[in-house]
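Structure record follows, encoded as structure tokens.
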């Protein structure tokens, strides 16, 4: 999701900046400034989305050394009624991803082939000196070209005056490192090939480089008419490769027009100030578009906060828990007002009968973590109390949090092995399938520093509809209505199956940070679909 949002921002940036160039700067004769602006389009478009990403990664909330767990997300698992889970291998997003990377790979191969063709040509050339300039000559070469430090041509095909013009032109390309611009434009097209404005930008970069070379030739004292006629003579020659700088690059008509155009007045420089509101608009767009899906937003916000672990209260005499001042390990009052109380996973309204000596441990959730999971009624916080009767171990006192471990935990054998294990062990509950009950369950679990999987909890289960639930039978095509109680029972079966399969997992390879094993949270969406 984050990569997708990044690409969207990059391409929107290119669209806005290129449109600005096209509207205000394209017909100016400030060719050097145009070159700087066109290169800036690329760097601004690719860098400005990183501001929001780095801000999120380096914010105090993300790197604070509070008690908690690193959190990572696993790909969604789809469970069919046949009991066979499958990743979204053939989902629309992944099909689009495959097409995107396939085309990008094809364009990279194309660039490599062009580079190889250039090297093969240069390999067959002879290094020599011409007018105190180092060049490479190749007999029969129809199109002179330059590529980084190489100037390749066949001197025998041109008269002395024409040869000097070609040499001045290609020297400008080499001296001003125009091949860098060409390679950069090719790489941008590889990353953003689906954006038509990227290809237009590439064209503008190429033509601008020729404007600069033409300007250098004319400023050296060459006759304009003779130079333009020379260009027309070479206009039909075939290029060696598109990533080289060619003496006769098209569009020739536009180049000749710009040679004859009156120089743009310096008073027109005010137009560049209009770039400020464009960048401001991009900044607004950058911070407004988040790398979050609406389905995941409440879960992600809840996971960004950690339920502080509170040591079991100690007392020399029995006293009601609601008279205790619940504190964090660091001290300080944790909850005020009227929090929700859960005793052994059951919500209770009255805890006056609960004695402190019966408490095994207490944990507390506050703010968005509480309200996202329990609604507005938990605005004053949630107190989770486990009694000694529950006979469950308290959560471990976790070490310093790392938002992302340097080495993530992994299932033995990798993701494919995880899918194979799930395919053998995960089952679609029969009663749920019988009544057409389906939905998505968000499960959170911990891979501790020993690799053990545990503490599986339902972050968000299948929601019960407010009224009766209806679905279409796949065989009879009839509309079948299911009562709320029946739906609720089936949903509980799906939730229970999701927990069962997580708790049954074998040990993972633990995550590591600075060479030491760490505890890591995982969030796994499981989609039960008929």
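Assign one of three labels to the stretch 174-224, namely rounded, prolate or oblate, based on the Cα gyration tensor with a ≥ b ≥ c the square roots of its eigenvalues; rounded applies when a/c is under 1.5, prolate when it is not and a/b is larger than b/c, and oblate otherwise. Oblate, since a/c reaches 1.5 and b/c is not below a/b. The overall shape of the stretch 108-168 is prolate: from the C-alpha gyration tensor, with semi-axes ordered a ≥ b ≥ c, the ratio a/c is 1.5 or greater and a/b exceeds b/c. Over all projection directions, the Cα-based convex hull of the stretch 89-226 averages an area of 10.3 nm².
Take the Cβ atoms of residue 97 and residue 352, set R0 to 60 Å, and the FRET efficiency comes out at 0.60. Annotation: extensible slack from residue 464 through residue 272 equals 63.4 nm (criterion: 0.36 nm per residue apart, minus Cα-Cα distance). Using a simple spin-label model with pseudo-atoms 7 Å out from Cα toward Cβ, residue 156 and residue 452 lie 8.3 nm apart.
Read-outs: derived from the displayed coordinates by stated rules, not from any lab. Everything quoted here is computed from the prediction, not taken from an experiment. Don't worry about glycine lacking a Cβ; one is built from the backbone with ideal geometry, like all the others, and counts go over all protein chains shown.
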